[in-house]
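Worksheet for the structure shown next.
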Number of protein chains: 4
Amino acid sequence: MKKVRIGLIGTGYIGRCHAIAYAQAPTVFPLEAELECDYLAEITPELAAQKAKEFGFKRSTGDWRDVVQDPDIDVVDICTPNFLHKEIALAAIEQGKHVYSEKPLALTAEDAKLMYQAAQKAGVKTLVGFNYIKNPTTQLAKEIIERGEIGEIVHFYGTHNEDYLADPNTPRDWHCIREKAGLGALGDLSAHIIQMSQYLVGSQIQRVVGDMETVIKMRPNPQNLNEQLPVENEDQATAIVRFANGCMGTIETSRIACGRKMGLSYVITGTKGTISYTQERMAELKLYLHTDEPARQGFKTLLTGPHHPDYKHFCVSAGHGIGFNDQKTVEIRDLINGIANNQPMYPDFEEGFKVSRVLDAIAMSCQEKRWVNVEEVA
Amino acid sequence: MKKVRIGLIGTGYIGRCHAIAYAQAPTVFPLEAELECDYLAEITPELAAQKAKEFGFKRSTGDWRDVVQDPDIDVVDICTPNFLHKEIALAAIEQGKHVYSEKPLALTAEDAKLMYQAAQKAGVKTLVGFNYIKNPTTQLAKEIIERGEIGEIVHFYGTHNEDYLADPNTPRDWHCIREKAGLGALGDLSAHIIQMSQYLVGSQIQRVVGDMETVIKMRPNPQNLNEQLPVENEDQATAIVRFANGCMGTIETSRIACGRKMGLSYVITGTKGTISYTQERMAELKLYLHTDEPARQGFKTLLTGPHHPDYKHFCVSAGHGIGFNDQKTVEIRDLINGIANNQPMYPDFEEGFKVSRVLDAIAMSCQEKRWVNVEEVA
Amino acid sequence: MKKVRIGLIGTGYIGRCHAIAYAQAPTVFPLEAELECDYLAEITPELAAQKAKEFGFKRSTGDWRDVVQDPDIDVVDICTPNFLHKEIALAAIEQGKHVYSEKPLALTAEDAKLMYQAAQKAGVKTLVGFNYIKNPTTQLAKEIIERGEIGEIVHFYGTHNEDYLADPNTPRDWHCIREKAGLGALGDLSAHIIQMSQYLVGSQIQRVVGDMETVIKMRPNPQNLNEQLPVENEDQATAIVRFANGCMGTIETSRIACGRKMGLSYVITGTKGTISYTQERMAELKLYLHTDEPARQGFKTLLTGPHHPDYKHFCVSAGHGIGFNDQKTVEIRDLINGIANNQPMYPDFEEGFKVSRVLDAIAMSCQEKRWVNVEEVA
Amino acid sequence: MKKVRIGLIGTGYIGRCHAIAYAQAPTVFPLEAELECDYLAEITPELAAQKAKEFGFKRSTGDWRDVVQDPDIDVVDICTPNFLHKEIALAAIEQGKHVYSEKPLALTAEDAKLMYQAAQKAGVKTLVGFNYIKNPTTQLAKEIIERGEIGEIVHFYGTHNEDYLADPNTPRDWHCIREKAGLGALGDLSAHIIQMSQYLVGSQIQRVVGDMETVIKMRPNPQNLNEQLPVENEDQATAIVRFANGCMGTIETSRIACGRKMGLSYVITGTKGTISYTQERMAELKLYLHTDEPARQGFKTLLTGPHHPDYKHFCVSAGHGIGFNDQKTVEIRDLINGIANNQPMYPDFEEGFKVSRVLDAIAMSCQEKRWVNVEEVA
């Protein structure tokens, strides 16, 4: 059996999720290659060594270039802050490594374009960590749509709202600095729902018009709480979009949406039915079929179970629940099997670029107060 | 005690709701004038007589002009199809009658402007039937906002989605004909949520950008089901709006939103908390306060009860439920007491005009594919 | 058209609900007799006169016997405190009046038996105010069951929980005094769910075993808050029951169930499906069908609408909501039409007796700590 | 760092969950000993070898006695069918192994007693797989109760309902055979909710009265579907219970409860508030506080997050979701750390015995149709 050796770069919030997923994936799924947690990089050798121990990696380094250049590494897994994605990915691609990067792929669509084109040229495989589409529940939504159960999709309403910056006393961190984060809520959060909208509608967003606001304009300096520093990107944004197939859509995002802890949600209206979902109840999908007789019409709550995609690998009983890291585990399965079988992985860097392009188009529309065609961007 | 004599014109769907509300209002509320169901008009004397009997009106006529010109009538209550509102209202105003009209006030903002200016000039009182804001639950939302419990409002998301035309085989009725209905879902449904947004945000919508679609472009001719006739107005529409106070907003409406039977809903995000509501659960309001300690944050479901506005008149126990006609009954109370005490009623024709202006601005924006300032309209 | 003249005795909480229902019933329904709000009794002539004015009754009196003996009265409607039901009902029956009484019919099953037998002998019609079964939503549940959609019923779980006495500082009122109220939560609340269980299961409760507790044993004297008086009946009770058809059931009731404002609820499990309902969301019913394919199984939320029993008389659009008094209005319709057509009304005094018998059997079981057959009681 | 070597016996449904939890536990938690997946037993050497590979165990055997007798094994983990628990556990205890057993501990309370006494005598540590109490959400419920936030508990309503045998055409498997399974729904399902009730109420169940029914009396022979075989234990059961502290309770269980996929639920009523939970939404807890002002009372939905017990080890953002196997992972943490630190583990075999005793008492009560004191049993 082939071996796939992982080089993980970055061990913060999302790096840790990757590590948990790597740990459970071989037991959960019948992987088609042997997964080896091999090399781990952090900003110091000490931190790297400690994390390698925690995460079950064999080797560690304080310099990510070591990982990228190591001949034994098959996949470079990028879990660093966003502004480093580009440099690392390009270096990894140059070394002929497959690249698995967290979202958003880059700070701008232009950068994302460079990255996907480099990967294409080099013939390496790429995968972007849009893990929410790997949730069995959202895969079920996709299945329902593809089978035509709700007819032709005529409207997509999606949000990714959270409240991690709702408190104006929360100091300004890197999320609020353009150079580090690029866009605000749009880049950090809405990338997920935009990617998901294109996956579920089965069509690319073509035109957008948006509005945004930096509601909390100043925040305390984390180094000196008495000082206020400007917030450099948007707290919330809304866009009306049109997909290439004519479907209308609305995307909303906020990082100050009081009460939303994981407000990734969608309502997909078709000509024959409707699907409704929120990530805060990640194991249930609501399905309405207009073809039911009028006296028995209503939204049905489907609890995800073994009759739905991928769930049975976690548990053979329905309604027993799946967690955040389980989505990531499905993603790891796609990574390993994609490489094992030399097949394309989804969503790849090209899809990552297309998402970035929509994000930049929305930002441009907000600034220029007009409809923007996504092809104007990059 | 003063008497307020009602002349009701139109006895369809909404006229019947008025009649039920007139019947129960004097028992539910301590009205400040005696309410008399006096004169009723329908399109034939026979139908009028029958409905007068059913609805408990003393007199009836086959000609609405009789009601408008009757010296004993204090209030002309217009429940006719929308395209007749203007003519009847202007005639009633001319006779010095107070006018209570169903929404939308008129087919265009221009007409609505004529109507509110005529009423102002004549010094008569006016009231528009935006009954959903009379629901104790939505009054509670207003109270929470006004007390500052959720801080400053930074985002309003509102919908009025229904599915009464979701089936493409439903024949084309007056709703789909521009001359009879004016706008489609925007006029028929979103008038409610737009008015409600301005009421709850406490500020007028100033700028809009929208998109709309006639999804089902042809429908059977009701007179000949084998023939297909064009649908002349929009099935669904979305608008991004900005209120005068800077608050961002999104308004969505559809008459083909499968599964939505009464999808009037709002999510109001403030700097300190969030309110969430759907008319399908008209006796409950969800309230989140970000000031709760992190381990105890969450949306609280408030069941409307006697500690909330107006509820106790219907029942003295909490959570026992209020119905659609109960909202109308609160509206009737406002009508009768407004006249009894010679005080302004809300929402009046001026508010009705302002709503129509937003509707027309959205329609203009959709057509011209640009942001529109509502003052461009009328 | 025949006239049905009402004599209303008692104008507190529930008397007021009757008055509202009388006011709207003729507009809501095509009644088969003319309903006349004729005579009203209260404890003083002054209060009676005031209430007659408020409720739209023609005549009033400070002595309920006047109503009972008045030759023009067709129906005596008893809305007094529970301990007076028996005396008034027997007096009314003696005068050949039809009797419409609030629940519980009497303080004991023995009394209830006397009452129903007297009515039977006198040939007068009777109706008990178990209004919750008149809710279109619960009528829909009945319809689903009768059509066999959920198969044979194998389990009924029902509650009537409220929290009106949850605060131990709430002074002791008549509810807590055995002589005035009889049983505690069992009598005041669970009468509803027990009656409803027999209605929905379509079979009588035969055997019971229960447990109960007076959790808050002393309460302040309302005349002197520094003094504590004993609570004389149960705050909460649970019973396991068996219906005559073999179906198992569980009944729970509490007046100190923190958070339950109107916690009348049921979960009815059949061999092919399940129905779930709570009165706090009185316009929605959840329906699960095990015959759906496994990947599409789930509870469907039906919003009550015009395709369901009686709803269309209140509103012709689905999901627009029905309120507490609307249930009472359906009950009034049954009253008037029952008399107009000389047909039996449901639930009558015999059903009221059967409910009381179950209540007393549960109380006996709790005391004697054993299974009790309801026929042991009365 | 100390090593804890696991010997896993049985690799079916729940054995696989253990394996997944073993795989992720060291990454999720900072374990205080090194966890080693060492030896695995199945019914044939071939199956054992295959599963060892899948589950990441070093050694395998076709005879569970090899594991029990292996000197290197620290913990014997029993995931076999229930009827084998006793024999294996006693053998392991005899060898001085710590024992980690799935629930129910044994087929009868008597057997469970033997087991816990043997373990006590041998001084080995024991743990029973009541994993649902390890869920951060239920730990949060425990924390709220212990802090007195809902006052003194006065009522516990708990269910464990599923529908895995709702279809009468499902063939008779071991669950339905007394010799293999012991009790039916009571043993298979309600063990969880009974254990949970004692954990959450903080008191042992003392007296019970119950009722049960085998609704589907015959099922197809799995070897010959045309033949019907008798079902030997109950499909559903209900018990009224009293805890030692006086708290009332109701326990319901069913394996034919149409629509319940994971219907482990509780409603815990205290003198100051109420908690409500269902395992089908395992990451949310509803909390009501009666001390809130009346106009702001309501159930608050808490989404489990890093401010709640153990959650942050899985994800640092609130509301991101936890899954079934994550509960098991917390259990594994308790196992490893308990052994590492030589501290008692909870729930141990004594608690397992106490649960079995309640189960047998309920069964005895159903049979003898009377209240049973749990100490009558064993």
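Where a number appears in this text, it was derived from the coordinates with a stated rule and is not lab data. The structure displayed is predicted, hence computed values, not measured ones. Positions of Cβ are backbone-derived with ideal geometry, glycine not excepted, and every protein chain shown enters the neighbour counts.
Can you give the FRET efficiency for B:ALA244 and B:GLU152, using 1/(1 + (r/R0)^6), R0 = 22 Å, r = Cβ-Cβ distance, to the nearest 0.05?
0.95
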If labels are modelled 7 Å from Cα along the Cβ direction, A:ARG370 lies from its partners in the other copies at nm distances, smallest first, of 0.9, 9.0, 9.1
Copies of C:ASN169 compared via label points 7 Å along Cα→Cβ give distances in nm, shortest first, of 2.9, 6.2, 6.3
Under the 7 Å Cα-to-Cβ spin-label approximation, C:ASN373 and C:ASP292 lie apart by a distance in nanometres of 4.3 nm
Computed, not fitted: 222 nm per-residue ellipticity of chain D from DSSP H runs ≥ 4 (each -39500 (n - 2.57)), nearest 500, equal to -10000 deg cm²/dmol
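Ratio of region B:138-207's C-alpha Rg to 2.2 N^0.38 Å, to two decimals? Let's see the in-between values first.
Details: Rg = 16.2 Å, N = 70, 2.2 N^0.38 = 11.1 Å.
Its radius of gyration relative to the 2.2 N^0.38 Å reference: 1.47.
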Once Lys and Arg are counted +1 and Asp and Glu -1 for all other residues with Cβ under 10 Å from that of A:VAL330, the total becomes -1
Of all GluC sites (Glu not before Pro) in region A:133-214, the ones in DSSP coil with at most 16 other Cβ atoms within 10 Å are A:GLU149, A:GLU152
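May I ask you to derive the FRET efficiency for C:ILE43 and B:GLU32 from their Cβ-Cβ distance with R0 = 30 Å, giving the value to the nearest 0.05? Let's see the in-between values first.
Details: r = 28 Å, r/R0 = 0.92.
The computed FRET efficiency comes out at 0.65.
If you take each beta carbon of peptide A:286-298 and count the beta carbons of other chains within 10 angstrom, what is the mean?
Numbers: counts 4, 4, 7, 4, 6, 2, 3, 1, 6, 11, 9, 11, 14.
Partner Cβ neighbours, averaged per residue: 6.
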For region A:256-364 the GluC sites (Glu not before Pro) that pass both the DSSP coil test and the at-most-11 other-Cβ-within-10 Å test are none
Compactness summary of region B:129-175: radius of gyration and Dmax from Cα atoms, Å, are 16.9, 48
Working note, chain A: Cα radius of gyration (Å, one decimal) and Dmax (Å, whole number) are 20.8, 66
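From the Cα gyration tensor of region D:265-316, with a ≥ b ≥ c the square roots of its eigenvalues, which class applies: rounded if a/c is under 1.5, or else prolate if a/b is larger than b/c, or else oblate?
Working: a/c = 2.59, a/b = 1.77, b/c = 1.46.
Taking the square roots of the gyration eigenvalues as a ≥ b ≥ c, region D:265-316 is prolate.
Local charge sum around D:TYR277 (other residues, Cβ-Cβ under 12 Å, Lys/Arg +1, Asp/Glu -1)?
On the way: positive: D:LYS142, D:ARG281, D:LYS286; negative: D:GLU280, D:GLU284.
Once positives and negatives cancel, what remains is +1.
Using 26 Å as the Cα-Cα cut-off, could you pick out the over-long pairs in C:LYS142/C:LYS261; B:LYS97/B:LYS328; A:LYS51/D:LYS103; C:LYS328/D:LYS300? Mind dumping the intermediate values first?
On the way: C:LYS142/C:LYS261 24 Å; B:LYS97/B:LYS328 21 Å; A:LYS51/D:LYS103 36 Å; C:LYS328/D:LYS300 31 Å.
In this structure, A:LYS51/D:LYS103; C:LYS328/D:LYS300 lie more than 26 Å apart at Cα.
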A convex hull over the alpha carbons of region C:3-131 yields, per residue, a volume in Å³ of 96 Å³
Hydrodynamic calc, region D:50-91: Kirkwood Rh from Cα pairs, then Stokes-Einstein at 4 °C with viscosity 1.567 mPa s, so D in µm² s⁻¹ is 114 µm²/s
Expressed as a whole-number percentage, the relative contact order of chain C with C-alpha contacts under 8 angstrom and at least six residues apart is 20 percent
In whole angstrom, the spacing between the Cα centers of region A:259-279 and region B:187-219 equals 21 Å
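At most 15 other Cβ atoms within 10 Å plus a DSSP loop assignment makes a site exposed; report the longest stretch of chain D without any exposed trypsin sites (Lys or Arg not before Pro).
Details: sites that count: D:LYS2, D:LYS58, D:ARG147, D:LYS217, D:LYS369, D:ARG370.
So the longest stretch without any such site is D:218-368.
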One finds, for A:SER317 and D:GLN206 with R0 = 35 angstrom and r their Cβ-Cβ distance, a FRET efficiency to the nearest 0.05 of 0.60
Note: the protein assembly as shown, point scatterers on Cα, Debye, no solvent; log10 I/I(0) at q = 0.08 Å⁻¹ equals -1.10
At q = 0.10, 0.18, 0.20 Å⁻¹, the log10 of I(q)/I(0) for region C:51-202 from a Debye sum over equal Cα scatterers comes to -0.47, -1.17, -1.26
If labels are modelled 7 Å from Cα along the Cβ direction, C:LYS180 lies from its partners in the other copies at nm distances, smallest first, of 6.0, 6.1, 6.6
Looking along the axis that carries chain A onto chain D, the residue of A whose Cβ comes nearest, with distance in whole Å, is A:GLY323, 2
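Taking the Cβ of D:ASP70 as the center, what net charge do the other residues with Cβ under 12 Å away carry, scoring Lys and Arg +1 and Asp and Glu -1?
Values: positive: D:ARG5, D:LYS58, D:ARG59, D:ARG65, D:LYS97; negative: D:ASP38, D:ASP63, D:ASP66, D:ASP72, D:ASP74.
Result for the local shell: 0.
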The correct pair for region A:208-247, radius of gyration to one decimal and Dmax as a whole number, both in Å and from Cα atoms, is 16.3, 52
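Given the alpha-carbon gyration tensor of region C:65-145, what are the semi-axes of its equivalent ellipsoid in whole angstrom, ordered largest first, with each equal to the square root of 5 times an eigenvalue? List each step's numbers first, then the result.
Details: eigenvalues 127, 41, 30 Å².
Over the Cα atoms of region C:65-145, the semi-axes work out to 25, 14, 12 Å.
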Which of C:ALA166, C:ALA181, C:ALA41 fluctuates most in a GNM of chain C (C-alpha springs under 10 Å)? That residue is C:ALA166
Listed by chain and number, the aspartates and glutamates with an alpha carbon less than 19 angstrom from that of C:LYS2, same-chain partners under 8 positions apart left out, are B:GLU54, C:GLU32, C:GLU34, C:GLU36, C:ASP38, C:ASP70, C:ASP72, C:ASP74, C:ASP77, C:GLU331, C:ASP334
